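Below is one structure, written out as C-alpha coordinates; comments come after it.
The values are calculated or read from the model by the stated rules, or taken from the named source; none is laboratory data. If you're wondering where the values come from, they're calculated on a predicted model, not measured in any experiment. Quick reminder, even Gly has a Cβ in these numbers, built from the backbone with ideal geometry, and neighbours come from all protein chains shown. Heavy atoms of the whole protein, side chains included, go into the accessibility calculation; ligands, DNA and RNA do not. Shrake-Rupley method; radii C 1.70, N 1.55, O 1.52, S 1.80 Å.
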Amino acid sequence: MSEEFVTVSGNKFTSKYPILVIGKERPMTYATEIIIRLNQGVDKLVIVGKGRNISKLAAVYNIVRSKLRDVLETERIVIGSIETPTRRLISYVAILLSRKM
(Lines give C-alpha, C1' and ligand atoms only; values in the text may rest on other atoms or scores of the structure.)
Protein backbone atom coordinates (compact mmCIF):
# COMPACT_ATOMS: atom_id res chain seq x y z
CA MET A 1 0.00 0.00 0.00
CA SER A 2 1.22 3.48 -0.74
CA GLU A 3 2.14 6.14 1.79
CA GLU A 4 -0.74 7.59 3.80
CA PHE A 5 -1.54 11.21 3.02
CA VAL A 6 -2.92 11.98 6.49
CA THR A 7 -1.85 10.83 9.95
CA VAL A 8 -3.60 11.18 13.27
CA SER A 9 -1.76 11.78 16.52
CA GLY A 10 -3.98 12.26 19.50
CA ASN A 11 -6.79 14.44 18.24
CA LYS A 12 -4.75 16.29 15.55
CA PHE A 13 -4.58 15.57 11.83
CA THR A 14 -1.28 16.14 10.04
CA SER A 15 -0.37 15.94 6.39
CA LYS A 16 2.19 17.27 3.95
CA TYR A 17 -0.76 18.87 2.13
CA PRO A 18 -3.01 21.67 3.45
CA ILE A 19 -5.82 20.34 5.65
CA LEU A 20 -9.36 21.67 5.98
CA VAL A 21 -11.23 20.16 8.94
CA ILE A 22 -15.01 20.31 8.58
CA GLY A 23 -16.65 21.75 11.69
CA LYS A 24 -19.74 23.71 12.67
CA GLU A 25 -19.95 26.10 9.69
CA ARG A 26 -22.39 25.60 6.81
CA PRO A 27 -21.27 23.30 3.97
CA MET A 28 -21.20 26.13 1.42
CA THR A 29 -18.66 28.00 3.57
CA TYR A 30 -16.25 25.08 3.37
CA ALA A 31 -16.94 24.54 -0.34
CA THR A 32 -16.10 28.19 -0.98
CA GLU A 33 -12.88 27.85 1.03
CA ILE A 34 -11.83 24.82 -1.05
CA ILE A 35 -12.54 26.64 -4.31
CA ILE A 36 -10.57 29.69 -3.12
CA ARG A 37 -7.58 27.57 -2.12
CA LEU A 38 -7.56 25.75 -5.45
CA ASN A 39 -7.76 29.08 -7.30
CA GLN A 40 -4.80 30.37 -5.26
CA GLY A 41 -2.62 27.61 -6.67
CA VAL A 42 -2.91 24.76 -4.16
CA ASP A 43 -2.54 21.53 -6.14
CA LYS A 44 -3.62 19.07 -3.42
CA LEU A 45 -5.89 19.54 -0.42
CA VAL A 46 -7.09 17.23 2.34
CA ILE A 47 -10.60 17.61 3.73
CA VAL A 48 -11.44 15.82 6.98
CA GLY A 49 -14.72 15.22 8.80
CA LYS A 50 -15.05 13.36 12.07
CA GLY A 51 -17.99 12.12 14.08
CA ARG A 52 -21.22 13.94 13.32
CA ASN A 53 -19.48 16.08 10.71
CA ILE A 54 -18.91 13.18 8.32
CA SER A 55 -22.29 13.83 6.70
CA LYS A 56 -21.35 17.51 6.32
CA LEU A 57 -18.07 16.40 4.71
CA ALA A 58 -20.09 14.43 2.16
CA ALA A 59 -22.23 17.49 1.45
CA VAL A 60 -19.14 19.71 1.00
CA TYR A 61 -17.53 17.13 -1.27
CA ASN A 62 -20.67 16.89 -3.43
CA ILE A 63 -20.93 20.68 -3.74
CA VAL A 64 -17.29 21.05 -4.77
CA ARG A 65 -17.46 18.06 -7.08
CA SER A 66 -20.51 19.45 -8.88
CA LYS A 67 -18.93 22.91 -9.31
CA LEU A 68 -15.44 21.75 -10.33
CA ARG A 69 -16.14 18.47 -12.14
CA ASP A 70 -13.60 19.15 -14.92
CA VAL A 71 -10.89 20.53 -12.63
CA LEU A 72 -11.07 18.35 -9.52
CA GLU A 73 -9.92 14.79 -8.98
CA THR A 74 -10.38 12.56 -5.94
CA GLU A 75 -7.08 10.79 -5.32
CA ARG A 76 -7.65 8.85 -2.10
CA ILE A 77 -10.18 8.38 0.67
CA VAL A 78 -9.24 7.12 4.13
CA ILE A 79 -11.73 5.95 6.74
CA GLY A 80 -10.58 5.42 10.30
CA SER A 81 -11.26 6.07 13.94
CA ILE A 82 -9.67 7.98 16.79
CA GLU A 83 -9.72 6.76 20.38
CA THR A 84 -10.59 9.44 22.93
CA PRO A 85 -9.07 9.53 26.43
CA THR A 86 -12.28 7.91 27.70
CA ARG A 87 -11.60 5.01 25.27
CA ARG A 88 -14.52 5.95 23.01
CA LEU A 89 -13.98 5.62 19.25
CA ILE A 90 -14.81 8.52 16.95
CA SER A 91 -14.88 7.80 13.22
CA TYR A 92 -13.32 10.07 10.63
CA VAL A 93 -13.14 10.32 6.85
CA ALA A 94 -10.29 12.07 5.02
CA ILE A 95 -10.41 12.86 1.29
CA LEU A 96 -7.39 13.91 -0.77
CA LEU A 97 -8.48 16.25 -3.56
CA SER A 98 -6.17 17.34 -6.36
CA ARG A 99 -6.36 19.60 -9.34
CA LYS A 100 -6.31 17.76 -12.68
CA MET A 101 -3.17 18.53 -14.65
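Observations, loosely collected:
- Local net charge near T84, Cβ-Cβ under 15 Å (Lys/Arg +1, Asp/Glu -1): +4
- Counted charge near A31, where neighbours are those whose Cβ lies closer than 14 Å (Asp, Glu -1; Lys, Arg +1): +4
- Percent carbon-and-sulfur accessible area, the chain, ignoring ligands, DNA and RNA, probe 1.4 Å: 52
- Karplus-derived 3J(HN,Hα), 6.51/-1.76/1.60, for each residue of the range 87-94, Hz, glycine and proline x: 6, 8, 9, 10, 6, 9, 10, 10
- Matching the structure-derived Rg and Dmax of the Cα atoms in Å against the labelled list [x] 13.0, 39; [y] 13.5, 45; [z] 21.1, 73 gives the label [y].
- Near the amide H of S81, within less than 5 Å, lie the amide hydrogens of Y92, all on another chain or at least 5 residues away, with H placed in the peptide plane.
- Averaging the sequence gap over all C-alpha pairs within less than 8 Å and six or more residues apart, then dividing by the number of residues, gives the chain a relative contact order of 29 percent.
- Too-long pairs where the Cα-Cα distance tops 19 Å, listed order kept, from K16/K67; K50/K100; K67/K100; K24/K100: K16/K67; K50/K100; K24/K100
- DSSP beta bridges fully contained in the chain are about 90 percent antiparallel.
- Å² of accessible area per residue within the chain, as computed with a 1.4 Å probe and no ligands counted: 63
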